[in-house]
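Working notes, structure below.
The values are calculated or read from the model by the stated rules, or taken from the named source; none is laboratory data. Keep in mind the model is a prediction, meaning the values are calculated, not measured. All Cβ positions, even for glycine, are placed from backbone atoms using ideal geometry, and neighbour counts span all protein chains on display. Ligands, DNA and RNA are stripped out before the accessible areas are found, and what is left, the full protein with its side chains, is counted by its heavy atoms. Shrake-Rupley method; radii C 1.70, N 1.55, O 1.52, S 1.80 Å.
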Amino acid sequence: MIKVTDLKKSFNRTEVLKGINFEVNDGEVVVIIGPSGSGKSTMLRCLNFLERPDSGLIQIGDQTVDASTAKRSDINRLRLQTSMVFQHYNLFKNKTALQNVAHALIVSKKMKKSDAFEKSRALLKEVGLSDKEDNYPVALSGGQQQRVGIARALAVSPYAILFDEPTSSLDPEWVGEVLRVIARIAEERKTMVIVTHEMEFAREIADRVVFMADGFVVEEGTPEEIFDHPKNERTKKFLQSYRNSSARREAALQATEQFVSPEAP
Amino acid sequence: MNFDLGYMIEIIPELLKYLPMTLYLAITSMIIAVIIGVILALILVNRTPGILQIAKVYISFFRGTPALVQLLLIYFGLPQLFPAMNEMSAATAAIIAFSLNTSAYLAEIFRAGLQSVDKGQAEAAVSVGMTYAQAMRGIVIPQAVRNAIPATGNIFIGLIKNSSLAFTIGVTELLAQGKLMATANLRFFEAYLAVGLIYWALTILYNWLQQWYEYRIGKPYRV
């Protein structure tokens, strides 16, 4: 399981995480939602120490690290428990799609090159990119890059995969293919923590939804509990403003369509 | 006009015998400078307390004083402090001076090269379980090298030409031989022009090599 206890983090005296507690069970898919600046990305990045928390306990799988005393070796041990999919993909620019997936297997897991490439080919096939294995990131679309990013995260077979807004910087046309890949992994009962703004996707994929605001976990529950019967005022307000903005976008879209083709019904 | 083209062409083979010395000075110094430069750049990027201040003073000194002064300090000055260094040959002293001097410039170039690599690259590397060293070696440094190559090439070209300073402490390299031939035959223009042309040709050759290398390591970044 993942267990976070009293996690705190400040940037230049601004407290971003004010004592986060939450748990993820084996094979559970937890989606974290919340307004921008609520600390959800920071929280996720604290789990693998891309941001060093000021204090708190982090347990992932069979490793527990106390943030206030963690040494480099502790951090490395903890990092081996997870892998991450990034908002901006962060594919290794000097490596082909195949090398991106295989590199950590070779240098970190000490796997034989031929085995690493074989495993990586299988993963690229799983995300539908068998024909792109020799392409460098620069020659891949955003959606393809993100699918390579997911294959890379899967390759090291971590205890859990962390998704940091995996579709937020994608053109709308690529969002669907990436979400489908994530949904398929979720079906395999992989432990996953996903920070996202895609509410429909969150409802579909999540076993549990965590709503964060102002550096706290405000409310958590099943997707039905959070989206249909939120208890906390802060949650209700957030979901309402999300629905309003979606409705506005919908309306704008329809208006544009009518403008472009006035004859359409 | 008193210019003897035939003479100039005639002395070029004789001058070329001293090209290996020039290349030896430049290439050996460059290799050592790159090693020191990488270490300094890593110190600058990681801001290791204590060592950082020492590195900064080192860089400031070697960039802030003339290469010729450094050369004289090392060849004539150091043996005064450390008698054991009396054994040091002029060529060795020149290599030490050029290495230290060049490394200070390279440190800043490499630091900028490392910092120009998107932070997300190292983050992605450690997020899939690589250590800091593995992330640097496989991901960050190869990309930094590409960013640093043009400026590093400039430094190397400068070093090839600066190696002529070694003649002031008695190393017989290209320029020293040219000066010798110029005074022996009182044909200054021909001799020094021949020396100049050899340096020029050398940098042109090097430039081709660099262009080929840049093209090769640029492959991942071309669509």
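Need the full-extension length gain, B:Thr48 to B:Ala84, defined as separation in residues times 0.36 nm minus the C-alpha distance. One decimal, nm.
Difference between extended and current length: 9.6 nm.
Placing unit charges on C-beta atoms (Lys and Arg positive, Asp and Glu negative, everything else neutral), compute the dipole magnitude of chain A about its Cα centre in debye, rounded to 20.
Value, rounded to 20: 1180 debye.
List the lysines whose alpha-carbon lies under 24 Å from that of B:Lys17, not counting same-chain residues fewer than 8 positions away?
Reachable lysines: B:Lys161, B:Lys179.
At B:Tyr215 and B:Tyr132, where each label point lies 7 Å from the Cα along Cα→Cβ, what is the point-to-point distance in nanometres?
4.0 nm
For the range B:99-138, list residues with backbone N below 20 Å from a point placed 7 Å from the Cα of A:Asp115 toward its Cβ?
B:128-131
Sorting check: for A:226-232, B:21-27, which peptide has the highest mean count of neighbouring beta carbons within 10 Å, and how do the rest follow? Working shown, then result.
On the way: A:226-232: 15.9, B:21-27: 20.1.
Top of the packing list down: B:21-27, A:226-232.
For every other residue with a beta carbon closer than 15 angstrom to the beta carbon of B:Met21, add +1 if it is Lys or Arg and -1 if Asp or Glu, then tell me the sum.
Residues close to B:Met21 contribute a combined charge of +1.
Please compute the average number of Cβ atoms from other chains found within 10 Å of each residue's Cβ in peptide B:28-36.
Rounded to a whole number, the mean comes out at 0.
Tell me the total accessible area that A and B bury against each other, 1.4 angstrom probe, in square angstrom rounded to 100.
2100 Å²
Report ³J(HN,Hα) in whole Hz for each residue of the range A:35-43, in order, from the Karplus equation J = 6.51 cos²θ - 1.76 cosθ + 1.60 where θ = phi - 60°; Gly and Pro get x.
x, 4, x, 7, x, 5, 5, 4, 4
Which of the residue pairs A:Lys9/A:Lys71; A:Lys110/B:Lys119; A:Lys93/B:Lys119; A:Lys18/A:Lys231 have a Cα-Cα distance greater than 23 Å in the structure shown?
Beyond 23 Å between Cα atoms: A:Lys110/B:Lys119.
Please list, ordered by chain and number, the residues whose modelled amide H lies under 5 Å from the amide H of A:Gly34; skip anything fewer than 5 residues away on the same chain.
Answer set, sorted by chain and number: A:Met212.
Other chains' Cβ within 10 Å of A:72-84 residues: what's the mean?
The per-residue average across the peptide is 3.
How far is it, in nm, from the label point at A:Arg13 to the one at A:Ser169 when both lie 7 Å from their Cα along the line to the Cβ?
3.1 nm
Compute the Kirkwood hydrodynamic radius of chain A, taking the inverse of the mean of 1/r over all pairs of distinct Cα atoms, and give it in Å to one decimal. Mind showing how you got there, number by number?
On the way: mean 1/r = 0.0509 Å⁻¹.
Every distinct Cα pair counted, the radius reaches 19.6 Å.
Just tell me how shielded B:128-141 is by partners: mean number of partner chain Cβ atoms within 10 Å of each residue's Cβ, no decimals.
6
Sort the range B:26-221 into rounded, prolate or oblate with this rule: let a ≥ b ≥ c be the square roots of the eigenvalues of the Cα gyration tensor; rounded if a/c is under 1.5, and if a/c is not under 1.5, prolate when a/b is larger than b/c, oblate otherwise.
It is oblate, given that a/c is not under 1.5 and a/b is not larger than b/c.
Kindly write out, for the range B:2-10 in residue order, the coupling ³J(HN,Hα) from the Karplus curve 6.51 cos²θ - 1.76 cosθ + 1.60 (θ = phi - 60°), rounded to whole Hz, with x marking Gly and Pro.
The phi angles translate into 8, 9, 10, 4, x, 5, 4, 5, 4 Hz.
Determine, from the Cβ-Cβ distance of A:Arg184 and A:Asn25 and an R0 of 22 Å, the FRET efficiency 1/(1 + (r/R0)^6), rounded to the nearest 0.05.
Numbers: r = 20 Å, r/R0 = 0.93.
Here the calculated transfer efficiency is 0.60.
With r as the distance between the Cβ atoms of A:Asp134 and A:Ala255 and R0 = 60 Å, compute the FRET efficiency 1/(1 + (r/R0)^6) and round to 0.05.
Step by step, r from the Cβ atoms, then E = 0.85.
Run the numbers for A:Glu233 and A:Ser55: contour at 0.36 nm per residue of separation, minus the present Cα-Cα distance, in nm.
On the way: separation 178, 0.36 × 178 = 64.08 nm, distance 2.88 nm.
Separation in residues times 0.36 nm, less the Cα-Cα distance, equals 61.2 nm.
Amide H neighbours of A:Asp54 under 5 Å, at least 5 residues apart or on other chains, H built in the peptide plane: list them.
For A:Asp54, whose amide H was placed from the backbone, the distant partners under 5 Å are A:Lys8, A:Lys9, A:Ser10.
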